Amino acid sequence: MKQDPYFKYLAAIILAGLALALTPTTHAKERTKSHTGTYTTSDGKSGTLQGTTTRSKGQVDRTGSATNQDGQTTTRASERTFDKAAGTGTYTSTTTGPNGKTSTTTSSSVKNPDGTISTDGSRTGFNGKTETFVASTTKTDNGRTTTGTITGPEGKTATLNSTTTKGQDGVTKDTTVTGANGKTYEREVSSNKNSDGTITRTIQVTNRDGTTSTRTETIVPDAPAPAPAKG
């Protein structure tokens, strides 16, 4: 699915900002969950997905990969840390394309007295060029909103607006980036849990020229390990 380059790390910006806003209850005991899945796109492409999430006290590590119909694999590894008492957090991620080139994102977040989360960081793309970003996340009654600014390597800026809404049927995230020329890019993600335990995620992107593309993912979480027998 063709997307504007900004979308390659929008998720990283938003996740980094939520390191504090959505910090889960910390556990001293390490817990690991994994999943597999498939995807199809509106232009006839398809592939497989897999990922693992490991949670420990003050830290979440994720690894994942996507392999397309031609056997080309892209991998991603990220680490998110948080100190709830101090109100601070960090995020780092590395994406490696099928050609071996890498893209890295790093950021830090802080919880403000008014409850908002401020995030700043940078991303170095596969081409070696670095962009910076700042964002602010606010919790709402049924989700959160994030606004921010992305500054490219040549000094041009774009604005970011993202709204996440939680409902009975799932979660919807709508993100818009407006470039210096006033043209916009929009990415809407809808995630729903099905009765069989699988998750369907639909990603629709509207590019600055008005063209759209859709990607549909089906995620299958690993079954939890059975509880030990008593006695």
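Cβ-Cβ contacts under 7 Å between residues 6 or more apart (or on different chains), taken from a first residue in region 31-53 that is farther than 17 Å from Gly71 by Cα to a second residue that is charged (D, E, K, R) and exposed (fewer than 14 other Cβ atoms within 10 Å of the Cβ), are listed as Lys33/Asp222; Ser34/Asp222; His35/Asp222; Thr53/Lys33.
Scanning region 109-146 for residues that are over 19 Å from Thr159 (Cα atoms) and of a type in the set (S, T, N, Q) returns Asn112, Asn127, Thr140, Asn142. Return the only residue of Gly210, Gly170 being without any contact (Cβ under 8 Å) to a residue 12 or more places away in the chain and either loosely packed, with under 15 Cβ neighbours inside 10 Å or touching a strand residue (DSSP E or B) at 6+ places or on another chain (Cβ under 9 Å) (or both). Selected residue: Gly210, the only one of Gly210, Gly170 that is without any contact (Cβ under 8 Å) to a residue 12 or more places away in the chain and either loosely packed, with under 15 Cβ neighbours inside 10 Å or touching a strand residue (DSSP E or B) at 6+ places or on another chain (Cβ under 9 Å) (or both). Apart from one condition, His27 fits all of (1) at pLDDT below 85; (2) surrounded by 15 or more Cβ atoms within 10 Å (Cβ to Cβ); the exception is (2). When the residues of region 107-166 are filtered to those that are farther than 20 Å from Thr178 by Cα, among the basic types (Lys, Arg) and touching a residue at least 60 places away in the same chain (Cβ under 8 Å), the one that is surrounded by the most Cβ atoms within 10 Å (Cβ to Cβ) is Lys111. Scanning region 221-229 for residues that are at pLDDT 90 or above and either within 16 Å of the chain's Cα centre (by Cα) or of a type in the set (A, V, I, L, M) (or both) turns up nothing.
The values are calculated or read from the model by the stated rules, or taken from the named source; none is laboratory data. These numbers were taken from a predicted model, which means no experiment stands behind them. Ideal geometry is used to build each Cβ from the backbone, glycine not excepted, and the neighbour counts take in all protein chains shown.
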